[in-house]
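Some notes on the structure that comes next.
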Amino acid sequence: MSNMCDDRIIVHSSEATIPSLLKRLSAIEPERPAYIFVGKNMRTVLSRKNVYMQSGKMAAKLRRLGVCRGDVVANMLSTSPDRLICDFGVLMAGGVSQTALGYLNNADDTFGALQIAQATTILVDPGVSAVLAVVMKLISSSQKTEYGLDVECAELPHLKRVVFIHSVETQLQTETEMFVEDVRPADFAVIVETSGTSGVCKQVPHTHNAIVRFGEQMCFLIGDKGSPFYNDRFFGWFPGYPCVYPCSGITRVALDTRDNNLPPILDVIREEGCRSAYLVPNEIEDVVQSGMTLETTDMLEVVLTGGQPILGNSMRIIGSLTKKVACRYGMSETMCICHLSVDDPGQFLDHCVGFPMPSYHVRVVDDNGRDASPGVKGSILVKGDGVFQGYLVHNSNLQPINQAGVKLTADCETKEETNMVGKWSDGDRLSQAAFTDDGWFQTDDIGSFDSAGKLFVDGRSSDAIMHGDEILYPYWLEQIARRCPAVHDVVIVPVKDPVLFHEICACIKPTDGFRDPLSEIQNLHVSSVCYYTTRRLQHKAEVLSTI
């Protein structure tokens, strides 16, 4: 295991943007694969030239529909070629691509995300009824157009249109022109969302500069071997955002989630000739339990992992699947904070994430804000080039939505008064509540340094539950569970799990008169207590244990 920080410097192109990088690569080996999407019954290869031209045509279409520079476009498509071209098309049009797929299976958190970001456009697959149903709940009136709907919504005054994406390849066949806006590195490009405590997910905006920085970080971690990189993470979650290819030219292999029958991970890795892969701990455990291994000639150079505190179990793949494991610690707000390269499972210590990334600074402080001594746990603070500028602030002039008696409000820390009608990219729309007075971002994580300067992360200091690579708040689940007539009261608590870090347990006091409260509760969870799983892109019901 490496005991010293890697001194390699990440070359940061200060003038680079995603459109400029896509254009540059399209002129270098234009027919070389840029992205490969694999399903059980489908395989789609997008060349460098194809990605750039299709994205430019999508940009032209969006501009013709009225999308202007700085407009927020909510992309609700699943990971697929269509999603990729739409994401890049929004950026090439000068817009900001927003991930607005929430953690709840109703419109509440989606509404909050669109409202806070002041989205003007929604991109949706009309064939996915669940997503379309959520969208239609938000709209008060609409008029059918050639490409979808012109809409009006009193609570979403910025929303102008819903664009139906049937098939990007087919829909762009009649497009003869490309469009590429002259965007700047400091222009905002992407909004991702975090988990929220009140049903409204926090909105994290990042610039082109920051996305390029993250792509370079990922290349730094996996090493540029020139061979395909397997990463099936959802494009709307930062470890899955498609920025490695623009920053390096490395072919990205992903699962096409339009195919409900997805192939085994190792089959895809072997058949596509991948030499690096991003796997979360539960996927690593699935591979270990399957007993499958890779021949020496097919063995990965590195498996990148993260998303939760890492345990020694994840190192069992060294020597059978990969030569080494690279652990990354980061979050949507910060990109990658720390990294650790492990080639000897026996030397790995649980929860170790290693040393700060180049240009990052990390502190562990006590309750008084003083630096903690080695081995003493405290709150983790971070500064770095990739750290975001602040959460989008909820506009208090916008009306909350009322659905089935549920009033949607923003987190207390983002309830800031503003009279601004302009776009959210203005500086006053960014909350500094998560930063210290001297500019350190407060991660809400607890950890400690050892005497060698390696960081150990133990998890969240708040009541958030880390369940695999998901972060869930008991408040959400408790509020929904209390709607069940069989539940008099409920408390959601985490239970230690060797793979997922925590499982979820519901301690329930049944309502008098219900003979079989467990069945009532399970039925509620099948229909209501759902959260978004980034790998399979499907809603998965967690049936809670009853005590």
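Filtering segment 44-98 down to residues that are β-branched (Val, Ile, Thr) and closer than 25 Å to LYS202 by Cα, which residue is modelled with the lowest pLDDT?
In the first step, residues of segment 44-98 are kept if they are β-branched (Val, Ile, Thr); the result is 44-45, 51, 67, 72-73, 79, 85, 90, 96.
When the remaining residues are screened for being closer than 25 Å to LYS202 by Cα, the result is 67, 72-73, 79, 90, 96.
Numbers: VAL67: 96, VAL72: 96, VAL73: 97, THR79: 92, VAL90: 98, VAL96: 97.
Ranking the candidates gives THR79 first.
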(request) Starting from segment 355-380, keep only residues that are among the basic types (Lys, Arg), then list their pairs with residues that are buried (at least 18 other Cβ atoms within 10 Å of the Cβ) whose Cβ atoms are within a distance under 8 Å, requiring at least 6 positions of separation or different chains. (result) ARG363/ILE380; ARG363/LEU381; ARG363/VAL382; ARG363/TRP440; LYS377/VAL364; LYS377/GLY447; LYS377/SER448
(request) Could you tell me which numbered condition LEU279 fails, if it satisfies all but one of (1) in contact (Cβ under 8 Å) with a residue 12 or more places away in the chain; (2) over 17 Å from LYS324 (Cα atoms)? (result) (2)
(request) Check off (1) assigned to a loop (DSSP other than H, G, I, E, B); (2) farther than 15 Å from PHE164 by Cβ; (3) among the polar types (S, T, N, Q) for SER78 and give me the number that stays unchecked. (result) (2)
(request) State whether one or more residues within segment 283-290 are touching a strand residue (DSSP E or B) at 6+ places or on another chain (Cβ under 8 Å), under 24 Å from ASP497 (Cα atoms), among the aliphatic types (A, V, I, L, M) and in contact (Cβ under 8 Å) with a residue 40 or more places away in the chain. (result) no
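Taking segment 251-301 as the search range and keeping residues that are polar (S, T, N, Q) and within 25 Å of the chain's Cα centre (by Cα), which one is nearest to TRP237 (Cα to Cα)?
Initially, segment 251-301 is screened for residues polar (S, T, N, Q), giving 251, 257, 260-261, 276, 282, 289-290, 293, 296-297.
Right, trim to within 25 Å of the chain's Cα centre (by Cα) and you get 251, 257, 260-261, 276, 282.
Numbers: THR251: 19, THR257: 15, ASN260: 20, ASN261: 22, SER276: 19, ASN282: 17 Å.
Looking at the filtered set, the residue picked out is THR257.
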(request) Of all residues in segment 140-155, count the ones that are surrounded by 15 or more Cβ atoms within 10 Å (Cβ to Cβ) and of a type outside the set (D, E, K, R). (result) 6
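Would you check which residues across segment 240-262 are of a type in the set (S, T, N, Q) and either over 19 Å from GLY273 (Cα atoms) or assigned to a loop (DSSP other than H, G, I, E, B) (or both) and list them? Walk me through it before giving the result.
So the first thing to find is which residues in segment 240-262 are of a type in the set (S, T, N, Q), and the list is 248, 251, 257, 260-261.
Passing the criteria: THR251, THR257, ASN260, ASN261.
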(request) Determine whether segment 180-188 contains at least one residue that is open to solvent by less than 10 Å² (accessible area, probe 1.4 Å), closer than 30 Å to ASP444 by Cβ, in contact with a helix residue (DSSP H, G or I) (Cβ under 7 Å, 6 or more places away or on another chain) and in contact (Cβ under 8 Å) with a residue 60 or more places away in the chain. (result) no
(message) Suppose we filter segment 427-475 for residues that are of a type in the set (D, E, K, R), modelled with pLDDT of 90 or more and surrounded by fewer than 19 Cβ atoms within 10 Å (Cβ to Cβ); how many remain?
(response) 3
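So which residues in segment 162-178 are open to solvent by 30 Å² or more (accessible area, probe 1.4 Å) and not β-branched (Val, Ile, Thr), if there are any at all? Let's see the steps before the verdict.
Of the residues in segment 162-178, the ones open to solvent by 30 Å² or more (accessible area, probe 1.4 Å) are 164, 166-167, 169-171, 173-174, 176-178.
Scanning segment 162-178 gives PHE164, HIS166, SER167, GLU169, GLN171, GLN173, GLU177, MET178.
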(request) Sort out which residues of segment 47-76 are buried (at least 21 other Cβ atoms within 10 Å of the Cβ) and over 21 Å from GLU181 (Cβ atoms), and write them in order of number. (result) MET76
(message) Among the residues in segment 302-313, are any surrounded by fewer than 22 Cβ atoms within 10 Å (Cβ to Cβ) and part of a helix (DSSP H, G or I)?
(response) yes
(request) Spot the failing condition for TYR103; the list is (1) under 21 Å from ALA254 (Cβ atoms); (2) among the aromatic types (Phe, Trp, Tyr); (3) at pLDDT below 95, and only one is missed. (result) (1)
(request) Could you check ARG270 against (1) surrounded by fewer than 21 Cβ atoms within 10 Å (Cβ to Cβ); (2) in contact (Cβ under 8 Å) with a residue 40 or more places away in the chain; (3) in a helix (DSSP H, G or I) and say which number it fails? (result) (2)
(request) Determine whether ILE250 is open to solvent by 10 Å² or more (accessible area, probe 1.4 Å), in contact with a Phe, Trp or Tyr (Cβ under 8 Å, 6 or more places away or on another chain) and of a type in the set (A, V, I, L, M, F, W, C). (result) no
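Looking only at residues in segment 216-239 that are charged (D, E, K, R) and assigned to a loop (DSSP other than H, G, I, E, B), which one is farthest from the chain's Cα centre (by Cα)? Spell out how you get there, then give the answer.
Step one: of segment 216-239, the residues charged (D, E, K, R) are 216, 224-225, 232-233.
Still in the running and assigned to a loop (DSSP other than H, G, I, E, B): 224-225, 232-233.
On the way: ASP224: 23, LYS225: 25, ASP232: 12, ARG233: 8 Å.
Filtering first and then ranking leaves LYS225.
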(request) Determine whether ALA210 is modelled with pLDDT of 95 or more, open to solvent by less than 20 Å² (accessible area, probe 1.4 Å) and either farther than 16 Å from LEU114 by Cβ or in a loop (DSSP other than H, G, I, E, B) (or both). (result) no
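The values are calculated or read from the model by the stated rules, or taken from the named source; none is laboratory data. On a predicted model such as this, the values are computed, not experimentally measured, just so you know. Using ideal geometry, Cβ is built from the backbone for each residue, glycine included, and neighbour counts are taken over all protein chains shown. Only protein heavy atoms, including side chains, enter the accessible area calculation; ligands, DNA and RNA are left aside. Shrake-Rupley method; radii C 1.70, N 1.55, O 1.52, S 1.80 Å.
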